[in-house]
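The values are calculated or read from the model by the stated rules, or taken from the named source; none is laboratory data. Just so you know, these numbers come straight off a predicted model, no measurement behind them. Every residue, glycine among them, receives a Cβ derived from its backbone with ideal geometry; neighbour counts consider all protein chains shown.
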Amino acid sequence: MKTKLITALFASIVTVAAIASEPPPVGSAAPQFSAPDTNGKTQSLADYKGKYVVLEWFNPECPFVKKHYGSGNMQKLQQEYTSKGVAWLTIDSNAPGEQGNLTADQAEKIMNGWKTKQTALLLDGDGKVGQMYGAKNTPFMVVIDPDGKIVYEGAIDSKATPNPSDIASSTNYVKVALDETMSGKPVSTPHSRPYGCSVKYKKS
C-alpha cells in the first residue's frame, strides 16, 4: 500500500505540465543544437556527425533519476556504449532557481561523486535544447543514428517507478534500441511513454 501511495505521489509530480513542444517524430532528422558543457566548451550535435548519439535529460534531485544513478544502472549503460563509440550527452534543461538546475561546479561535483560516464553534461538553463526535443521528463531519452535520424525516444525502461529494485525485471528500451540499430536492425520499440519528474523550464 505504501509503495502504491509513493508511486501515485510521484505520478502527480510527473503530470505537472512542463512547457515544451511535442517531441520530433521518430524517423525525422534530430534537431541541431549547441550548448555549453561543464568545462565551458560548446558541444554541438554536429560535432558527432556519423556517430550514434544518446541524449539523456537529467535532474539529480529527481527520484526517478536517482533510481538509475543510485543503482549504477545509468553509469553502466554510459560506459558500455561510450566504449563502443557512442556519444552520450546528458542535458540539464532546468531553469536557474528551479529544482535540478546546476552550475558547472555543481555538475562536476555530482559527476565525480556519482562516477558518471557520459561524454559530456550540457547546461541548458534557457531550455532551448529541451524545447527542441519536447523533453518533459527526467529522465527522457533519445537515440540518434549516424545519419542524424531519431530511432528511439521516450523512457529509459518499461517500469515507471522510482524503485531501483524494478530495474532488473524491466526492459531497458535504450539498450535494446542501441543494440538493434547498431546491428543494422530496425528498432522494435521506437517510442515509449516517458516517465519521471517534470523538466523545470524557465517561466515565461
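Worth a mention:
- Subset of the range 38-79 [among the acidic types (Asp, Glu) and more than 15 Å from the chain's Cα centre (by Cα)]: ASP47
- Of the numbered criteria (1) under 18 Å from the mean Cα position of the chain (by Cα); (2) over 21 Å from VAL129 (Cα atoms); (3) modelled with pLDDT of 95 or more, the one SER83 fails is (1).
- Filter result for LYS202 (under 24 Å from ASP92 (Cβ atoms) and at pLDDT below 95): yes
- Scanning the range 156-204 for residues that are in a strand (DSSP E or B) and within 22 Å of ALA87 (Cβ to Cβ) turns up ASP157, ASN172, HIS191.
- Of all residues in the range 38-62, those satisfying the criterion of being crowded, with 19+ Cβ neighbours inside 10 Å and not hydroxyl-bearing (Ser, Thr, Tyr) are GLN43, LEU45, VAL53, VAL54, LEU55, GLU56, TRP57, PHE58, ASN59, PRO60, CYS62.
- Filter pass, ILE110 being within 18 Å of CYS62 (Cβ to Cβ), touching a Pro at 6+ places or on another chain (Cβ under 7 Å) and of a type outside the set (Gly, Ala, Ser): yes
- Whichever residue in the range 152-204 is surrounded by fewer than 21 Cβ atoms within 10 Å (Cβ to Cβ) and of a type in the set (A, V, I, L, M, F, W, C) and, among such residues, is farthest from SER21 (Cα to Cα): ALA168
- Test: residue in the range 86-109 that is of a type in the set (Asp, Glu), under 16 Å from the mean Cα position of the chain (by Cα) and not in a helix (DSSP H, G or I): yes
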